[in-house]
Amino acid sequence: MVVSPCQAYSKLSHIHHSDPTENHPTFSDLNVHKLANTLGKEYVIENVVGCSDLNDPIKINGKAFNRNFVFERLFETSFEINSWVEQPDGSEKKFCNMGNKEMAKVKGVPQTWSKSAIRSALPREYIGYLISHCPTLEDVTLTRAKRGYRLCGAGDGQTWISEFQTS
């Protein structure tokens, strides 16, 4: 997975810069697509909603995984996969209103990580959903998955790489 800095595309960057791409590196500046294509057969590139440099991205949010947050992210993949977004109902937790420890707990990442690492961390369900569609990982099966969730190609909200089985 290639994770490119989001500052050039983030809504927050527009608060300080009329054109954030003049102050922050873009995909072109970092050769993101060239890097992704040289890393191997399949790839995933992640960035924020609003990133205009992703090719045919899909969108994922926390509501799709029955999580009480939205946290929408875009992903460009070299393989077929569908967006999975559920409509927020307004009761979701807002990461902008959380401290780092609470956000780490909600995302399921260690609270000892840096502020930047916690804020940019992807929830486990997102990773599980993405890798379960990767054709070079066709022997990966999900365990403990609810039927509907498994039909969409992901775990049950608790599945993580260490819980995947290979046959």
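Nothing in this text is a laboratory measurement; each read-out follows from the coordinates by a stated rule. Note that the structure is predicted; figures quoted are calculated from it, not measured. Quick reminder, even Gly has a Cβ in these numbers, built from the backbone with ideal geometry, and neighbours come from all protein chains shown.
What are the ³J(HN,Hα) couplings of the stretch 110-119, residue after residue, when phi is run through the Karplus curve with 6.51, -1.76, 1.60 and θ = phi - 60°? Round to Hz, x for glycine and proline. In residue order, the calculated couplings are x, 6, 7, 5, 5, 3, 5, 5, 5, 5 Hz. Near residue 51, no amide H atom lies under 5 Å from its own; only residues 5 or more places off or on other chains count, and H is placed 1.01 Å from N.
Please compare each pair in 59/93; 59/115; 34/63 to a cut-off of 26 Å on the Cα-Cα distance and tell me which ones are over it. 34/63, as the Cα separations exceed 26 Å there.
Going 7 Å from the Cα of residue 30 along its beta-carbon direction, which residues of the stretch 105-138 have the amide nitrogen within less than 13 Å of the resulting point? The answer is 120-121.
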